[in-house]
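To keep things clear, I will list the structure first and then write my remarks on it.
Here, each number is a calculation from the coordinates, and none is a lab measurement. None of the values given here were measured: they were computed from a predicted structure. Quick reminder, even Gly has a Cβ in these numbers, built from the backbone with ideal geometry, and neighbours come from all protein chains shown.
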Amino acid sequence: MSTTPTLSWTAGSGATSHDVYFGTSSSPPFVTNTTGTSYNPGSLSIGTTYYWKVVAKNSGGSTSSAIWSFTTSPSGSGNDEPSGATLIASLPFSTTQNTQAATSNASDPGHSCTGGQKDSNTVWFRYVATFTGKLRVNTFGSNYDTVLTAYPGTTAPGAELACSDDENATSQSAIVFNVTSGQSYLIQVSDYGSPDGGTLVLNVSRGVTVSKIGVAGAGYLMQDANGNFGWDGTPADRYIYWGSGAAGEVLVFGDWNGDGKTKVGSYKDGLWILDYNGNGVWDAGVDKILYFGSAGFQPVVGDWNGTGTSKIGVYKDGLWILDHNGNFQWDGTSLDKLVYFGASGQSAVVGDWNGDGRTKIGVYKDGLWVLDYNGNFLWDGTSVDKLVYFGASGQAPVVGDWNGSGNTKIGVHRDGLWVLDYNGDFIWNGTGTDKLVYFGASGYTGIVGDWNGSGWAKIGGYKDGLWVLDYNGDFAWNGTGTDKLVYFGTTGQTPALGGW
């Protein structure tokens, strides 16, 4: 058996919880109580016999299973070869595996990002795409020097699609590559250079999705769910009541469960109410209601650890409190983040500044940007992080991947004037390289989204239900035959965007 198994069982009739016993003794010790029906013991030793049992419990008593046993593989890993690749059944996917027993062989492909060498301790994963778009893979959280590559194929790799060694001066790796629905892809993780291995953490999630429009009011949301830029009534489009509509309450948006779709939530004074499963109604026991933050803090949302799900957080006057591990509660600073980055009067901005797949923090005021470029939640000076002037007083910050290279770039907007750091080098290079364009008019809110799903961010404007969108992304208005001028919403409603 694999050295990283998940043990599962069928719940006992009427059971409300289960005691799990696990170990190398034939009379295994108690390890945990769970209301679920599975247990992950972590990375196990190779060639070792383990014993386990489950005791089903309720208020009336308990019933024990027999004692089961299994023996881990004496050498190598179950996914040591592409023909035995671990199947990634759904997204987001995250797994931990000990690769010290993994091997390499002469048929392993060389890697373009390590000078053609084959590297060592190789393990394989396979994903059959359920969508056409971008797949994001990383090894953040691993404790050794990983090399990450992707190939088309089912049991043998084709031509290399992407390769990453040391991503942004770390020993972990991150890739983003295009996938086609129905096609099979192989992902290989190796240890750089000579054999060693360690604890691998592999995260796989869906990349860019098409941005669809919507409008929000007090306690409700209207979504263009089918993405045709018009209101078609329900059920083609969606009208969702969410939150109380009380003064000070704001709607928030994120992919809470990692299925690739944007869901709604509400926030006020530290209280979050999240539509976790995204069905537009409150489902007790499924959706999330929790306190995280307090009065005076504004909500922030991002994938702080790169696992493919949106996590919550709050910001006020330079103080950030982030649910880094994404379990919807505060677990202390050893797991979550409480950091000072910024100062009073500066606005929170978030983005993937270096393109490694994790959302980083930053602040903006009157053209001054201070960005945690490497994503360690600290200020490391201008040789590592970014302190730049881009914009001026009265201009609002905007962020997006303007050129589709995979990292978030900065920009500013005011009354239809956009100034964008198109090439992402955090300086103004003139209009031959960067973008200074008029799109919109006075009183319009600047909006950013990937309207056509091409993989880069486009600009647009919104005012009182009127949307003007640069659909083809050339930073110019090309008329309604190419770009979009549509009414969706009315006076008093605010724009809402997401991959509904």
Fully extended contour minus Cα-Cα distance, from Ser107 to Thr199, at 0.36 nm per residue: 30.7 nm
Cα→Cβ-extended label distance, 7 Å offset, between Leu387 and Thr37, nm: 5.7
Structure-derived semi-axes √(5λ) of the Cα gyration tensor in Å: which label, when the choices are (1) 41, 29, 22; (2) 43, 34, 20; (3) 49, 24, 22: (1)
Aspartates and glutamates whose Cα lies under 15 Å from that of Lys212, excluding same-chain neighbours fewer than 8 positions away: Asp224, Asp232, Asp237, Asp255, Asp450, Asp470, Asp483
Only Lys, Arg (+1) and Asp, Glu (-1) charged, at Cβ; the chain dipole about Cα centre in debye: 820
Packing rank of 229-238, 136-145, where each peptide gets the mean count of other beta carbons within 10 Å, highest leading: 136-145, 229-238
Which of Ser17, Ala101, Val252, positive extreme of dipole for the chain (C-beta unit charges): Ser17
Charge sum, other residues only, whose C-beta stays under 13 Å from Asn429's C-beta, Lys/Arg counted +1 and Asp/Glu -1: -1
Vicinal HN-Hα couplings computed from phi for the stretch 392-399 (Karplus, 6.51 cos²θ - 1.76 cosθ + 1.60; Hz; Gly/Pro x): 7, 4, x, 8, 8, x, 9, 9
For the stretch 398-451, with +1 on Lys and Arg beta carbons and -1 on Asp and Glu, the positive-most of Asn407, Gly432, Gly446 along the dipole: Gly446
Inter-site label distance for Ser27 and Leu368 at 7 Å from Cα along Cβ, in nm: 6.9
Square roots of 5 times each gyration tensor eigenvalue, C-alpha, the stretch 352-500, largest first, Å: 27, 16, 15
Contour minus Cα-Cα distance for Thr154 and Gln183 (0.36 nm per residue): 9.6 nm
Förster radius 30 Å - calculated FRET efficiency between Leu436 and Phe131 (Cβ-Cβ, nearest 0.05): 0.25
Estimated FRET transfer efficiency (Ser45, Asp259; beta-carbon r; R0 60 Å; 0.05): 0.95
Charge-dipole axis of the stretch 82-206 as Lys and Arg at +1 and Asp and Glu at -1 on Cβ define it, positive-most pick from Tyr185, Asn143, Ser120: Tyr185
Inter-probe distance in nm under a simple model that places probes 7 Å from Cα toward Cβ, at Asp474 and Asn277: 4.6
FRET efficiency for Leu378 and Ile67, using Cβ-Cβ distance with R0 set to 51 Å, rounded to 0.05: 0.55
Bins of 10 Å from zero: percent of alpha-carbon pairs in the stretch 143-222: 15, 37, 24, 12, 11, 2
Span from the the stretch 273-329 Cα centroid across to the the stretch 58-117 one, whole angstrom: 31
Segment Leu319-Asp425, extension gain: residue separation times 0.36 nm, minus the distance between their alpha carbons: 35.5 nm
